[in-house]
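**Student:** Right, I'll just put the structure down here and ask away after.
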Amino acid sequence: MTPAIRPYDRERDADGLYESKVAFERGLGANTGGDEKAAAYEGKLTDAYRERWLGWVDRCVADDERCVTVAVEEGAGDGTEEREAVVGYAFVLPQRLSMIWDAAVLNEVYVAPEYRGTGVADELIDAALALAADQDLPLDRLVLDVDPANERARAFYDRHGFESWGELVARPLDDA
């Protein structure tokens, strides 16, 4: 069955969205930076972080329901009700935050491993691009951070017309 692509709905999707967020974060930590980065990403995934992140999602979605688009697969529930599983998402920051990069910001896109290569990511990026095109932006661009070591992601974004446009650097704040 092909997953449906639709705006996020907190009542139906919060648990599944956060499960996908956790998988996204663990994938970043494990696959793009070694043990220290993996430990840092894993360490932040607390119950308090969950509530804070879902609250932020709610605030963004309150600005524009399309800020978070989910891919959901309908499946059998417990026999008494039909259940949907979130198998991917795209999170574009709302227009009011576009001054961060003077452009639309694709905060995150994630697709569960078993749905990669099926077109789900293409549909999610199309939804993100459509939202960005509707925003009133200083620069007509959709930007995101991609780890240079993530060759699969870089090839995906290349295929969708993205190009290198600067480089992020980071510094720990523990000694600031």
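**Student:** Mind listing whichever residues of segment 116-143 are assigned to a helix (DSSP H, G or I) and either among the basic types (Lys, Arg) or crowded, with 16+ Cβ neighbours inside 10 Å (or both)?
**Tutor:** If the condition is that a residue be assigned to a helix (DSSP H, G or I) and either among the basic types (Lys, Arg) or crowded, with 16+ Cβ neighbours inside 10 Å (or both), then VAL120, ALA121, GLU123, LEU124, ILE125, ALA127, ALA128, LEU129, LEU131, ALA132 are the ones that fit.
**Student:** Take the residues in segment 37-55 that are of a type in the set (D, E, K, R) and in a helix (DSSP H, G or I), then tell me which one is nearest to ARG26 (Cα to Cα).
**Tutor:** Narrowing segment 37-55 to residues of a type in the set (D, E, K, R): 37, 42, 44, 47, 50-52.
Imposing the further condition that a residue be in a helix (DSSP H, G or I) reduces the set to 37, 42, 47, 50-52.
On the way: LYS37: 10, GLU42: 6, ASP47: 15, ARG50: 14, GLU51: 18, ARG52: 18 Å.
My answer is GLU42.
**Student:** Still on this structure, please answer the following. All but one of (1) of a type in the set (Phe, Trp, Tyr); (2) without any contact (Cβ under 8 Å) to a residue 40 or more places away in the chain; (3) surrounded by 15 or more Cβ atoms within 10 Å (Cβ to Cβ) hold for TRP165; state the number of the condition that does not hold.
**Tutor:** Looking at each condition in turn, TRP165 falls short on (3).
**Student:** If I filter segment 56-66 down to residues being charged (D, E, K, R) and part of a helix (DSSP H, G or I), which single residue comes out as nearest to the chain's Cα centre (by Cα)? I'd like the intermediate steps shown before the answer.
**Tutor:** We begin by selecting, within segment 56-66, every residue charged (D, E, K, R); these are 58-59, 63-66.
Checking the rest, the ones that are also part of a helix (DSSP H, G or I) come to 58-59, 63, 65-66.
On the way: ASP58: 14, ARG59: 15, ASP63: 17, GLU65: 15, ARG66: 12 Å.
Only one residue fits best here, namely ARG66.
**Student:** Could you check GLY75 against (1) within 20 Å of ILE125 (Cα to Cα); (2) at pLDDT below 90 and say which number it fails?
**Tutor:** Here GLY75 clears every test but (1).
**Student:** Can you confirm whether ARG12 is outside any helix (DSSP H, G or I), among the basic types (Lys, Arg), surrounded by 13 or more Cβ atoms within 10 Å (Cβ to Cβ) and touching a residue at least 12 places away in the same chain (Cβ under 8 Å)? If you could, list the steps in order and put the result at the bottom.
**Tutor:** Details: outside any helix (DSSP H, G or I): no; among the basic types (Lys, Arg): yes; surrounded by 13 or more Cβ atoms within 10 Å (Cβ to Cβ): yes; touching a residue at least 12 places away in the same chain (Cβ under 8 Å): yes.
In short, no.
**Student:** Return the total of residues in segment 144-176 being touching a strand residue (DSSP E or B) at 6+ places or on another chain (Cβ under 6 Å) and outside any loop (DSSP other than H, G, I, E, B). I'd like the intermediate steps shown before the answer.
**Tutor:** Filtering segment 144-176 for residues touching a strand residue (DSSP E or B) at 6+ places or on another chain (Cβ under 6 Å) gives 144.
Within this subset, residues satisfying the condition of being outside any loop (DSSP other than H, G, I, E, B) are none.
The number of residues fulfilling the criteria is 0.
**Student:** Could you give me the residue pairs with C-beta distances under 9 Å whose first residue belongs to segment 34-62 and is in contact (Cβ under 8 Å) with a residue 24 or more places away in the chain and at negative phi, whose second residue is among the hydroxyl-bearing types (Ser, Thr, Tyr) and surrounded by 12 or more Cβ atoms within 10 Å (Cβ to Cβ) wherever it lies, and which are 6+ apart or on separate chains?
**Tutor:** ARG50/TYR18; TRP53/TYR18; LEU54/TYR18; VAL57/TYR8; VAL57/TYR18; VAL61/TYR8
**Student:** Additional query: Being assigned to a loop (DSSP other than H, G, I, E, B) and either more than 24 Å from GLU167 (Cα to Cα) or touching a Gly at 6+ places or on another chain (Cβ under 6 Å) (or both) is the filter here; which residues of segment 102-115 pass it?
**Tutor:** So the first thing to find is which residues in segment 102-115 are assigned to a loop (DSSP other than H, G, I, E, B), and the list is 102-103, 112.
Passing the criteria: only ALA112.
**Student:** Can you tell me which of (1) free of Cβ contacts under 8 Å to residues at least 60 places away in the same chain; (2) not in a helix (DSSP H, G or I) is the one GLU74 doesn't meet?
**Tutor:** It fails just one condition, (1).
The values are calculated or read from the model by the stated rules, or taken from the named source; none is laboratory data. Keep in mind that this is a model prediction, so the values were computed, not measured. As a convention, Cβ positions derive from the backbone with ideal geometry for all residues, glycine included, and neighbour counts pool all protein chains shown.
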